[in-house]
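The values are calculated or read from the model by the stated rules, or taken from the named source; none is laboratory data. Since this is a predicted model, take the numbers as computed values, not measurements. We place every Cβ from the backbone using ideal geometry, glycine too, and count neighbours over all the protein chains shown. The area values use the complete protein model at the heavy-atom level, side chains included, leaving out ligands, DNA and RNA. Shrake-Rupley method; radii C 1.70, N 1.55, O 1.52, S 1.80 Å.
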Amino acid sequence: MTRETSGPSAMETLLATLDLEPIEVDIFRGRSPQAGWQRVFGGQVIGQALMAAQRTIEGDRFVHSLHAYFMRPGDPSVPIIYQAERIRDGSSFNTRRVVAIQHGKAIFALSASFQGEEPGFDHQIAMPEVSAPETLLGEQQIKEQYLAHAPEAIRKYWQRERPIEIRPVSLTHYFSDKKLDPKQDVWVRATGPVPDNRLDQAAVLAYLSDMTLLDTALYAHGTSIFDQSLQVASLDHSMWFHRPCKLDDWLLYTQDSPSASGARGLTRGSLFTRSGELVASVAQEGLIRKKANE
């Protein structure tokens, strides 16, 4: 996608955002891009908190799972303080807890576990057969063909430059109120180089894992996260890192929503390389409720 400015690219901005400033032992400061949004993107907080946890790990041990709760909306106008706690350093695993703080209150909490490389049993589910990303409309084509008459919220989402390019296998959901099966397949790709190290790669993968996920829970109801009558927000997020991933090519993010009830929707996701290797699994529950007086 052609860039129209001479400043940092979206991926360079993301990497800078994930590069936390150490301000004390196991305490870090994170900042948000000033993109005009009212809330901090959830994937940013996940990625920054994971980076804070990774900065406290010594030796060749890498994240294999994380579990997080969103407690308050993040304010992009002020820094986020990340306090890491070294829960355990064992012979095989390390456990960390990170709390993100703004305005004197916790907005987010993450627990993560780390392990060194170790041989063992190896199997995975198969990647679904879907259209290759090259056969699908790119973001520029989507802008040109569909956005002129799309609702303002959808135009705003697609028009800004992002560090992750999205190519949905189907666009029906974005432009129709038809009730669909609660599942989707989306190709995702970094729009710029990601450093060849496991820490940055894991943090960027965690960042992108929050993209498009909760929307899948709305497929069965003929609506989307762009519906202005809905209050939609991530409540929790879990992720398992199965295999290293260099993020130098497209990934298929296949998602399904097994349940929605009690003003909450549950969505699961699997991230595959183009060659079919399962690199990560994700689960998220989110708030999906009608706003008052709607």
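Residue 91 - would you say it is of a type in the set (Gly, Ala, Ser) and under 23 Å from residue 164 (Cβ atoms)?
So residue 91 does not fit the description; no.
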Exercise. Consider residue 162 carefully, then state whether it is modelled with pLDDT under 90, part of a loop (DSSP other than H, G, I, E, B) and either open to solvent by less than 80 Å² (accessible area, probe 1.4 Å) or acidic (Asp, Glu) (or both).
Key: yes
Quiz prompt | Filtered residues of the range 220-236 (kept if open to solvent by less than 20 Å² (accessible area, probe 1.4 Å) and in contact with a helix residue (DSSP H, G or I) (Cβ under 6 Å, 6 or more places away or on another chain)) | solution = 224
Quiz item: Can you pull out the residues in the range 247-294 that are modelled with pLDDT under 95 and among the basic types (Lys, Arg)?
Solution: 289, 290, 291
Self-check item: Boolean, residue 233 is over 24 Å from residue 40 (Cα atoms) and either part of a strand (DSSP E or B) or among the aromatic types (Phe, Trp, Tyr) (or both)
Solution: no
Quiz prompt | Tally, over the range 219-231, of residues that are touching an Asp or Glu at 6+ places or on another chain (Cβ under 8 Å) and either at positive phi or in contact (Cβ under 8 Å) with a residue 40 or more places away in the chain (or both) | solution = 6
Quiz item: Condition test on residue 53, is it within 24 Å of residue 270 (Cα to Cα) and of a type outside the set (Val, Ile, Thr)?
Solution: yes
Quiz item: Quick one: in the range 38-56, which of the residues that are at pLDDT 95 or above and part of a loop (DSSP other than H, G, I, E, B) is least open to solvent (accessible area, probe 1.4 Å)?
Solution: 56
Exercise. Looking at (1) modelled with pLDDT of 95 or more; (2) out of contact with any strand residue (DSSP E or B) (no Cβ under 6 Å at 6 or more places or on another chain), find the lone condition where residue 186 falls short.
Key: (2)
Practice problem: Would you please list the contacts, defined by Cβ atoms under 9 Å and residues six or more apart or on different chains, that run from a residue in the range 20-37 that is assigned to a strand (DSSP E or B) and surrounded by fewer than 16 Cβ atoms within 10 Å (Cβ to Cβ) to a residue that is aliphatic (A, V, I, L, M) and at pLDDT 95 or above? | Solution: 23/81; 27/52; 27/81; 27/84; 29/20; 29/23; 29/80; 29/81
Practice problem: Take the range 250-294 and flag every residue that is open to solvent by 60 Å² or more (accessible area, probe 1.4 Å), small (Gly, Ala, Ser) and in a strand (DSSP E or B). | Solution: 261
Quiz item: If you take the residues of the range 1-12 that are at pLDDT below 95 and within 16 Å of residue 200 (Cβ to Cβ), which of them is surrounded by the most Cβ atoms within 10 Å (Cβ to Cβ)?
Solution: 10
